[in-house]
Amino acid sequence: MAIGVWLIGARGSVATTVIVGAAAIRSGLLPATGCVAERLPPCGLPGVADLVFGGHDIAPISLRKRAERLSEAGVIPPALPELLAGELEAAEAEIRPGHAHEGGDQAAAAGLVRDLTDFRERKELSRVVVVDLSSTEPPVPWRPEFADLATLEAAMATGETVLPASSLYAYAAFRAGCGYVAFTPSTGPVLPALAELAAAERLPYAGRDGKTGETLVKSALAPMFEGRGLAVRSWSGLNLLGGGDGATLADPAARRSKEVSKDRAVEGVLGGQVEGRTHIDFVADLGEWKTAWDHVTFEGFMGVRMTMQFTWQGCDSALAAPLVLDLARLVARAHERGRHGVLAELGYFFKDPLGSDEHALPAQYDRLRAFAESLA
């Protein structure tokens, strides 16, 4: 049966690229370049052709218009918005207004749950996976209500706004019986009360913050230094990015969430603090593209000091979209096989992997392959 993929931020650049890319693969117009799932051991994953898209968003722009703009920016091949107009219109018809923080969390969650269950029933879907692709939120201060489900739901029932939007979406997904993917560094499903809910409903989830560019390189290079016994003394990075993500991260509070998750890999692989940190600047002129420059200092034999520098330039939407397709399929298959709780084996895809302290890319890939074999 078909699998639903419900995208939070469904008219954004990443979500639009996901929908267009899946339609192009289904139609035989493009290969599944960048999809890790195609390289894993056969494990009964649903095909890209089995995916049906819907989502929440508050943006007024249509998917078709967003796809045309991405085409003009060089993200989507020029002919695809016209060739795939029918698929874009079908997905557009399944997008509902997003959460607007009105009426308190209980009423808002009930509306989100209705949207998800209606989508599953009308489309006769065997299961639905919710993927958060929305704008990055600032870090959320701890509240006692987050500690357990009963306390959280009691607070929600008062009409109060307790949860950040990303966590409200996770709550609604679990209440609707859906798996969940936290593709952003926002709080999402990490609260103890939500972990309790996922366990009670026997639902799988994974996250956090998709690893697409500079951090991917870090998680591949840091194990090289560690394995060769080279002492890394500093690792600093500068990220320049445009687009909607860049505009969101111009806010210092939201930027802090991203910077923390981007620095996890070096600390996690090399152990403890390494001097230097990642800086993020919004450059509107870059549009959908981003550039990262990293400077590493290290010591070799007899304390000889050396440096390494690298530059990464890429399109985040094109890098993220195939990973979203991978994760939706893997979480759906895990759900089918009775896996529940956090899927730590999917840490390969994330900057700040839930349920795992492993950040070295080769080790993460080995664990992912073993996970796929376990799903067969």
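The values are calculated or read from the model by the stated rules, or taken from the named source; none is laboratory data. This structure is a prediction, so every number in the text was calculated from the model and none was measured. Using ideal geometry, Cβ is built from the backbone for each residue, glycine included, and neighbour counts are taken over all protein chains shown. Surface areas here come from the heavy atoms of the whole protein model, side chains and all, with no ligands, DNA or RNA. Shrake-Rupley method; radii C 1.70, N 1.55, O 1.52, S 1.80 Å.
Dipole check for the stretch 63-189: with +1 at the C-beta of Lys and Arg, -1 at the C-beta of Asp and Glu, and the Cα centre as origin, the magnitude is about 140 Debye. Computed from the C-beta positions of Ser374 and Glu121 and an R0 of 30 Å, the FRET efficiency is 0.45 to the nearest 0.05. The alpha carbon centroids of the stretch 163-210 and the stretch 349-376 are separated by 19 Å.
For every helix of n ≥ 4 consecutive DSSP H residues, a contribution of -39,500 (n - 2.57) applies; sum these over the chain, divide by its total residues, and give [θ] at 222 nm rounded to the nearest 500 deg cm²/dmol.
-13000 deg cm²/dmol
Our estimate of slack between Glu160 and Val283, defined as 0.36 nm per intervening residue step minus the Cα-Cα distance, is 40.5 nm.
Give the range of the longest stretch in the chain that excludes all GluC sites (Glu not before Pro) found in loop regions by DSSP and having at most 11 other beta-carbon atoms within 10 Å.
Answer - 125-376.
The charge dipole of the chain, taken about the Cα centre with unit charges on the Cβ atoms of Lys, Arg (+1) and Asp, Glu (-1), comes to about 580 debye, rounded to the nearest 20. Between helix 361-375 and the chain there is an angle of about 30 degrees, using the helix long axis and the longest principal axis of the Cα atoms. Once neighbouring chains are kept in place and the probe is 1.4 Å, which whole percent of the accessible area of the chain is contributed by carbon and sulfur? C and S fraction of accessible area: 53 percent. Per-residue extension of 0.36 nm, minus the Cα-Cα distance of Met302 and Leu230, leaves a gain of 24.8 nm for this segment.
The stretch 82-156 and the stretch 213-290 have their alpha-carbon centroids 29 Å apart. Near Thr158, once Lys and Arg are set to +1 and Asp and Glu to -1 for all other residues with Cβ below 13 Å from its Cβ, the sum equals -4. Spread over its residues, the convex hull of the C-alpha atoms of the chain is 130 Å³ per residue. Computed with a 1.4 Å probe over protein heavy atoms only, the accessible surface of the chain comes to 41 Å² per residue. Taking a ≥ b ≥ c as the square roots of the Cα gyration tensor eigenvalues, with a/c under 1.5 meaning rounded and otherwise prolate when a/b beats b/c, else oblate, which class fits the stretch 127-215? Judged from the Cα gyration tensor, the stretch 127-215 comes out oblate (a/c at least 1.5, b/c at or above a/b).
Ordering Val296, Ala332, Leu354 by the projection of their Cα atoms onto the charge dipole of the stretch 279-373, which places +1 on the Cβ of Lys and Arg and -1 on the Cβ of Asp and Glu, puts Ala332 at the extreme positive end. Label-to-label distance for Ala49 and Gln313 is 3.8 nm, based on points extended 7 Å past Cα in the beta-carbon direction.
For the stretch 68-76, the Karplus equation 6.51 cos²θ - 1.76 cosθ + 1.60, evaluated at θ = phi - 60°, returns couplings of 5, 5, 5, 5, 4, 7, x, 7, 10 Hz by residue, with Gly and Pro reported as x. Non-local lysine pairs in the chain, meaning eight or more places apart or on different chains, with alpha-carbon distances under 29 Å, amount to 17. Remark: the Cα gyration tensor places the stretch 13-167 in the prolate category, a/c being 1.5 or greater and a/b exceeding b/c. Against the main long axis of the alpha-carbon atoms of the chain, helix 165-175 sits at an angle near 60°.
Within the shell defined by Cβ-Cβ distances under 15 Å, the residues around Leu197 carry a net charge of -4, with Lys and Arg each +1 and Asp and Glu each -1.
Quick one: net charge around Asp50, please, counting Lys, Arg +1 and Asp, Glu -1 for every other residue with C-beta under 13 Å from its C-beta. Summing Lys/Arg as +1 and Asp/Glu as -1 gives +3. Need one word for the stretch 269-376: rounded, prolate or oblate. Basis is the Cα gyration tensor (sqrt eigenvalues a ≥ b ≥ c); a/c below 1.5 gives rounded, then a/b vs b/c decides. In terms of gyration-tensor shape, oblate.
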